[in-house]
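No lab work stands behind these numbers, since they all come straight from the coordinates. Just so it is clear, the structure is predicted and the values come from calculations on it, not from any experiment. Here the Cβ positions follow ideal geometry from the backbone for every residue, glycine too, while neighbour counts run over all protein chains shown.
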Amino acid sequence: MYTVGQVANFLGVTRDTLKYYEEKELVKPKYDENGYRKYNQYDIHDVITTNFYRELDIEIKKIQEIRQSKSLADLEDVLVEKEAKIIEEMEYKKLLLRQISSVRENCSKIKLHLGKFTVKEMRPLEVKGEIADFTAYNEYEIIRNSTESLKKAVTLMSVRRVIHFDEEGKKEDRFIVVKEVEEGDKNLTGEVLAFPKCIYTVIENGRAVTGGKNIDNEVGERLLKIAQENGYKLLGIAYINILLTTYEEGLERVFVEMYSPISACSKRRIKRTEKFEAAQF
């Protein structure tokens, strides 16, 4: 027989927890001749079992019902339900981990490519829909329906701003919802965008940098200059993706990546270390 203090020490629970279990008649220790509660091996097993149910977040009332039921089926039903919920939570945690990994990758992109340019592939994207712009909040349902969304947050990682332009400037601008195409993916229903060669860069935007000024023309001019200096023929389109937003004195610093496809007949390859002029976008 064991005292309350010994059992609390054995099982790593508090005396108050044991007292609570006793009040709810989930464990019923005997009293010795001195009026002290004594736990036998069966009482300790009751505590262990109750702790397990509590770890599964089964409410006390349901535990009482399980204890009173003579049917294993009742217990199995509860465990099946909890198992399904835990599996769902595990899948969601995996999604959160992927989101964390993606944001960390974006941090690396910013450090590596901010203010620089290179030529790289734009990996295939399936177009799932279109919204008016980032501020079309009433249209965000298509983002939630077309992507793996978080419970409490809409992420814009799946939205691309598409700009059509020429030497005279921007001609058209729209916003598409996309999903990255995985290798071997056969369940594609929308248009797939893929370009083997693009001028790629990371640009800093936002009120902390531009004061809210539209920098589209400036970006376009620099892009055309880069292409001209390096013998590349632009296809007149750019895909822009928000990587990360941070803050400086309460104002947003928005980092975006841009892919601008180039023609296969372009003359030379841009070196990774070549930079834009000193002024950033």
For a quick protection proxy, order the peptides 158-166, 54-62, 35-43, 185-193 by their average other-Cβ count within 10 Å, most packed first. 158-166, 35-43, 54-62, 185-193
Let me know the Kirkwood hydrodynamic radius for segment 104-202, please, with Cα pairs as the basis and the value in Å to one decimal. 15.4
222 nm [θ] for the chain, helices only, -39500 (n - 2.57) per DSSP H run of 4+, per residue, to 500? -12000 deg cm²/dmol
Straight-line reach check, K109, cutoff 19 Å on alpha carbons, 8 or more apart in-chain or any other chain, hits among aspartates and glutamates -> E121, E180, E204, E252, E257, E274
Any idea what the alpha-carbon Rg over 2.2 N^0.38 Å comes to for the chain? 1.61
Which of L96, L18, L234 ends up with the largest GNM mean-square fluctuation for the chain, with Cα atoms connected below 10 Å? L18
Flagged links, alpha-carbon separation over 26 Å, of K116/K170; K186/K233; K61/K82: K186/K233
Note on segment 4-68: alpha-carbon gyration tensor, axes a ≥ b ≥ c; rule is a/c under 1.5 for rounded, else prolate if a/b larger than b/c, else oblate; result prolate
For K151, give me every one of the aspartates and glutamates with a C-alpha distance below 18 angstrom, ignoring sequence neighbours fewer than eight places off in its own chain. E88, E89, E91, E139, E141
Can you compute the FRET efficiency between T118 and E180 using 1/(1 + (r/R0)^6), with r the Cβ-Cβ distance and R0 = 25 Å? Round to the nearest 0.05. 0.80
Calculate the length of the line joining the C-alpha centroid of segment 1-65 to that of segment 176-246, in whole Å. 62
